[in-house]
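The values are calculated or read from the model by the stated rules, or taken from the named source; none is laboratory data. Keep in mind it's a predicted model, so treat the numbers as computed, not measured. Counting neighbours? That spans all protein chains shown, and the Cβs are built from the backbone with ideal geometry, glycine included.
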2 protein chains.
Amino acid sequence: MESTPVDWNPISLSDDVRSHITFNADGLVPAIAQEVETGEVLMMAWMNAESLDRTLAEGRMVYWSRSRSELWRKGDTSGDHQSVREAYYDCDGDTLLFKVVQHGGGACHTGERTCFFRSLGEVE
Amino acid sequence: MESTPVDWNPISLSDDVRSHITFNADGLVPAIAQEVETGEVLMMAWMNAESLDRTLAEGRMVYWSRSRSELWRKGDTSGDHQSVREAYYDCDGDTLLFKVVQHGGGACHTGERTCFFRSLGEVE
């Protein structure tokens, strides 16, 4: 049985802060994961209330998989865990930003470090 | 009449790249704006196909305002324009990342530099 990484540390969410988080009609809120050390934006995925609670309680990123309709403990299959270091919500309370330590090969299922590895085009 | 900032430079989007961008059922795709110099994530808002086209053609961030149902040329009211320096799409083609120069006071309508200025809580 795999031991819990030592850098998974919980965050306590107050009822006041919780009341500022707005979930959309599907009960989801977008969550951006940014590498704390480099500032690189790694990925954006979705959380429902349960995955947000699990993320904060477990100190590692737990998304909601819209395609599989289940909790998605990032890295449990790939080993590419994300440990939470800082967590923010935006002015409207409808987007979350997590600064994380990216373990394993990277955030992207393609093997890339970040999911944003393709350019839309070059500035002219 | 205000002159166009000299750092608004277009990006040409190829038909091949365009075919990889997936808009949701409302015809929207989330767009993350990150400050190119500091790496700070400034905001997340939405684009429809027209606002993406305008963003790339004009070289400045043009979102779609869901509350007003209209194109939102960031900064036209506040002066807080965002000039595009780099533009990426993610592995699923359903999220965009723009590296921008933030002009004016900041990205947030509250006057803060970033919309993510409030912490969900501290790591224990």
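If we keep just the residues of the range A:31-45 that are surrounded by fewer than 20 Cβ atoms within 10 Å (Cβ to Cβ) and not acidic (Asp, Glu), which is farthest from the other protein chains (Cβ to nearest Cβ)?
So the first thing to find is which residues in the range A:31-45 are surrounded by fewer than 20 Cβ atoms within 10 Å (Cβ to Cβ), and the list is A:36-40.
This time we only want the ones that are not acidic (Asp, Glu), so: A:36, A:38-39.
Numbers: A:Val36: 11, A:Thr38: 7, A:Gly39: 3 Å.
My answer is A:Val36.
Could you say whether any residue in the range A:56-73 is in contact (Cβ under 8 Å) with a residue 60 or more places away in the chain, farther than 30 Å from B:Asn9 by Cα and of a type in the set (Phe, Trp, Tyr)? Before you say what the answer is, go through the steps one by one.
Taking the range A:56-73 and keeping what is in contact (Cβ under 8 Å) with a residue 60 or more places away in the chain, we get none.
No, the conditions are met nowhere in the range A:56-73.
Touching a residue at least 40 places away in the same chain (Cβ under 8 Å) and in a loop (DSSP other than H, G, I, E, B), is that true of B:Thr22? If you could, list the steps in order and put the result at the bottom.
Values: touching a residue at least 40 places away in the same chain (Cβ under 8 Å): yes; in a loop (DSSP other than H, G, I, E, B): yes.
Here the answer is yes, as B:Thr22 does meet what is asked.
Every residue in the range A:10-30 that is among the acidic types (Asp, Glu) and surrounded by 12 or more Cβ atoms within 10 Å (Cβ to Cβ), please.
none
Taking the conditions exactly as written (within 11 Å of the chain's Cα centre (by Cα), in contact (Cβ under 8 Å) with a residue 40 or more places away in the chain and at the interface with chain A (Cβ under 7 Å from one of its Cβ atoms)), does B:Ala87 satisfy them or not?
Details: within 11 Å of the chain's Cα centre (by Cα): yes; in contact (Cβ under 8 Å) with a residue 40 or more places away in the chain: yes; at the interface with chain A (Cβ under 7 Å from one of its Cβ atoms): yes.
Yes; evaluated as a whole, the condition is true for this residue.
Among the numbered criteria (1) crowded, with 19+ Cβ neighbours inside 10 Å; (2) under 26 Å from A:Thr114 (Cβ atoms); (3) not acidic (Asp, Glu), which single criterion is violated by B:Arg113?
Exception for B:Arg113: condition (1).
Looking at (1) closer than 25 Å to B:Gln34 by Cβ; (2) surrounded by fewer than 21 Cβ atoms within 10 Å (Cβ to Cβ); (3) within 13 Å of chain B (Cβ to nearest Cβ); (4) modelled with pLDDT of 95 or more, find the lone condition where A:Asp7 falls short.
Only one criterion in (1) closer than 25 Å to B:Gln34 by Cβ; (2) surrounded by fewer than 21 Cβ atoms within 10 Å (Cβ to Cβ); (3) within 13 Å of chain B (Cβ to nearest Cβ); (4) modelled with pLDDT of 95 or more is unmet by A:Asp7, namely (4).
Considering only residues that are closer than 18 Å to B:Cys91 by Cβ and of a type outside the set (Phe, Trp, Tyr), look in the range B:15-24 and name the one that is nearest to the other protein chains (Cβ to nearest Cβ).
Filtering the range B:15-24 down to residues closer than 18 Å to B:Cys91 by Cβ leaves B:16-24.
After this cut, where a residue has to be of a type outside the set (Phe, Trp, Tyr) as well, the list is B:16-22, B:24.
On the way: B:Asp16: 10, B:Val17: 6, B:Arg18: 9, B:Ser19: 12, B:His20: 8, B:Ile21: 8, B:Thr22: 12, B:Asn24: 11 Å.
Among them, the one singled out is B:Val17.
If only one of B:Gly93, B:Gly27, B:Gly104, B:Gly79 is within 11 Å of another protein chain (Cβ to nearest Cβ) and on the phi > 0 side of the Ramachandran plot, which one is it?
On the way: B:Gly27 fails: within 11 Å of another protein chain (Cβ to nearest Cβ); B:Gly104 fails: within 11 Å of another protein chain (Cβ to nearest Cβ); B:Gly79 fails: within 11 Å of another protein chain (Cβ to nearest Cβ).
Being within 11 Å of another protein chain (Cβ to nearest Cβ) and on the phi > 0 side of the Ramachandran plot holds for just one of B:Gly93, B:Gly27, B:Gly104, B:Gly79, which is B:Gly93.
Confirm whether B:Arg73 is touching a strand residue (DSSP E or B) at 6+ places or on another chain (Cβ under 6 Å), at the interface with chain A (Cβ under 8 Å from one of its Cβ atoms) and surrounded by fewer than 24 Cβ atoms within 10 Å (Cβ to Cβ). Show your work before the answer.
Working: touching a strand residue (DSSP E or B) at 6+ places or on another chain (Cβ under 6 Å): yes; at the interface with chain A (Cβ under 8 Å from one of its Cβ atoms): no; surrounded by fewer than 24 Cβ atoms within 10 Å (Cβ to Cβ): yes.
Judged against the criteria, B:Arg73 is not a match.
Just give me the residues in the range B:90-119 being of a type in the set (S, T, N, Q) and either under 12 Å from B:Leu42 (Cα atoms) or touching a Pro at 6+ places or on another chain (Cβ under 6 Å) (or both), in sequence order.
Our first condition is that a residue be of a type in the set (S, T, N, Q); within the range B:90-119, this holds for B:95, B:102, B:110, B:114, B:119.
If the condition is that a residue be of a type in the set (S, T, N, Q) and either under 12 Å from B:Leu42 (Cα atoms) or touching a Pro at 6+ places or on another chain (Cβ under 6 Å) (or both), then B:Thr95, B:Gln102, B:Thr114 are the ones that fit.
In this structure, does A:Val101 turn out to be in contact with a helix residue (DSSP H, G or I) (Cβ under 7 Å, 6 or more places away or on another chain), of a type in the set (Val, Ile, Thr) and under 20 Å from A:Ser12 (Cα atoms)? Walk me through it before giving the result.
Working: in contact with a helix residue (DSSP H, G or I) (Cβ under 7 Å, 6 or more places away or on another chain): no; of a type in the set (Val, Ile, Thr): yes; under 20 Å from A:Ser12 (Cα atoms): yes.
In short, no.
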